[in-house]
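Asker: One structure, pasted below without further comment.
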Amino acid sequence: MTAFTKMHGLGNDFAIFDGRDTPLVMPSQRVQRLADRRFGIGCDQLIVLEPSANADLFMRIFNPDGSESAACGNATRCVAALTGAQRIETAAGVLTAQPADGGICINMGRPDFGWQTIPLAYAMDTLALPVAWESLERPVAVSMGNPHVVFVVDDVHGVALDRLGPEIENDPLFPERVNVNIAQVLATGHVRLRVWERGAGLTLACGSGACATFAALRRRGLVPSVATVSLPGGDLRIAEQADGTLTMTGAVATSFTGETTL
């Protein structure tokens, strides 16, 4: 039997396994079984905690299809709340966490707009990629430790993201696939967002997507240095710090704990 904790940040849910004392092997097929919402635990991402020489712990992130992701803001907040860790290492680097009004605040680092590091298949202006998928056109491309494209639209609910998301995610322009963000600026400092996550599909919230969207809109001059990003599962507060890093604050909750034989 293997113990786990089920947590979520604004409905973005995670099955968290602690492998710090006893290493856990998570081949792709096992991840897929555990993440299945009918035959397994069910989650948007599966998280394995491991020892770290550089931080309080290392957080390994698996998508439901078995692939790994380098960053996940909502999972980082959940892990910080669960363990009390203040420095969490991921494949994208070490993130810092602290309690805050409304939940947990994570410093997500600086957004990276370099085409090579996002990465894109070839050089182009990441402020407005000269590409389009039906009505979605000229997105901003940015990395928050994982690749994102951000489209600014008049109505996020008018976009068939369930159909266009997988097409954009798997476009050859994105060698490592891409997260697809559809953003609508509602008012000064308030953004509505829907996200198609690579390897996971439509999710109720995406922390790195909220940060990537904020960074993209900030670069285009569409939001101030602090903004509320409203996702289907709730709100995240994103703020740009003096050093250019982004902090993300939002609520987390524990759903249940259990054991599995899968």
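Asker: Show me, for segment 100-114, the HN-Hα J-couplings you get by feeding each phi into the Karplus relation (A = 6.51, B = -1.76, C = 1.60, θ = phi - 60°), rounded to Hz, glycine and proline as x.
Answerer: 8, 4, x, x, 10, 10, 10, 8, 8, x, 8, x, 10, 9, x
Asker: While we're on this one: Specify the residue with the greatest mean-square fluctuation among THR22, THR245, THR96, computed from a Gaussian network of the chain linking alpha-carbon atoms under 10 Å apart.
Answerer: THR22
Asker: Which residue fluctuates the most in the chain, going by a Gaussian network model with Cα springs under 10 Å, if the choices are GLY145, GLY114, GLY199?
Answerer: Comparing GLY145, GLY114, GLY199 in a Gaussian network model of the chain, the most mobile one is GLY114.
Asker: Which value in nm describes the separation of the simple spin-label points at ARG33 and THR257, placed 7 Å from the Cα toward the beta carbon?
Answerer: Distance between label points: 2.4 nm.
Asker: Let me ask something else. At a threshold of 8 angstrom on Cα-Cα distance, excluding pairs fewer than six apart, so keeping six or more, what relative contact order does the chain reach in percent? Spell out each step's value before the answer.
Answerer: Numbers: 648 pairs, mean separation 55.7, N = 262.
Over the chain, the number comes to 21 percent.
Asker: Follow-up. Ignoring everything except DSSP H segments at least 4 long, calculate the 222 nm mean residue ellipticity for the chain; use -39,500 (n - 2.57) per segment, divide by total residues, nearest 500. All intermediate terms of the calculation are to be shown ahead of the outcome.
Answerer: Values: 4 runs with 41 residues, N = 262.
After summing the helix terms and dividing by the residues of the chain, the value is -4500 deg cm²/dmol.
Asker: Choose one answer from ASP18, ASP171, ASP65: the residue with the largest mean-square fluctuation in a GNM of the chain with alpha-carbon springs under 10 Å.
Answerer: Its mean-square fluctuation being the largest, the pick is ASP171.
Asker: Give me the accessible area per residue for segment 24-176, probe 1.4 Å, as a whole number in Å².
Answerer: On the way: 6770 Å² over 153 residues.
On a per-residue basis, segment 24-176 sits at 44 Å².
Asker: Need one number: % antiparallel among DSSP beta bridges in the chain, to the nearest 5. Don't jump to the answer; show the numbers that get you there.
Answerer: Values: 59 of 74 bridges.
Roughly 80 percent of the DSSP beta bridges within the chain come out antiparallel.
Asker: If I take R0 = 30 Å and measure r between the Cβ atoms of ASP171 and ALA91 in this structure, what FRET efficiency does the formula 1/(1 + (r/R0)^6) give, to the nearest 0.05?
Answerer: Values: r = 23 Å, r/R0 = 0.76.
It comes to 0.85.
Asker: For segment 1-48, what class follows from the C-alpha gyration tensor (a ≥ b ≥ c being the square roots of its eigenvalues): rounded when a/c is under 1.5, otherwise prolate if a/b is larger than b/c, else oblate? Don't skip to the end; give the middle numbers.
Answerer: On the way: a/c = 2.01, a/b = 1.25, b/c = 1.60.
Oblate is the answer for segment 1-48, as a/c is 1.5 or above yet b/c matches or exceeds a/b.
Asker: I want to check the label-to-label distance for THR117 and ASP65. Put each point 7 Å from Cα in the C-beta direction and report it in nm to one decimal.
Answerer: With each label point 7 Å from Cα toward Cβ, the separation is 2.6 nm.
Asker: Of the beta bridges DSSP finds with both residues in segment 1-153, what % are antiparallel, to the nearest 5?
Answerer: On the way: 28 of 35 bridges.
That works out to approximately 80 percent antiparallel.
Asker: Something else: ASP21 to GLN98: extension gain in nm, 0.36 nm per residue of separation minus the Cα-Cα distance?
Answerer: Net length gain for the segment: 25.3 nm.
Asker: Moving on to the next point. For the chain, with all protein chains present and a 1.4 Å probe, just round the carbon and sulfur fraction of the accessible area to a whole percent.
Answerer: Working: 5200 of 10920 Å².
About 48 percent, which is the carbon plus sulfur part of the accessible surface.
Asker: Would you indicate which of [x] 1.16; [y] 1.09; [z] 0.95 is the value of Cα Rg over 2.2 N^0.38 Å derived from the coordinates of this structure?
Answerer: [z]
Asker: A further question follows. Dipole magnitude of the chain about its Cα centre, charges +1 at Lys/Arg Cβ and -1 at Asp/Glu Cβ only, in debye to the nearest 20? Intermediate values should be presented prior to the final figure.
Answerer: Numbers: 20 positive and 27 negative charges, 41 e Å.
Dipole size: approximately 200 debye.
The values are calculated or read from the model by the stated rules, or taken from the named source; none is laboratory data. Because the structure is a prediction, the values reported are computed rather than measured. Because the Cβ atoms are built from the backbone with ideal geometry, glycine has one as well, and the counts that use them run over all protein chains shown. Side chains are part of the model used for accessible areas, which takes the heavy atoms of the whole protein and leaves out ligands, DNA and RNA. Shrake-Rupley method; radii C 1.70, N 1.55, O 1.52, S 1.80 Å.
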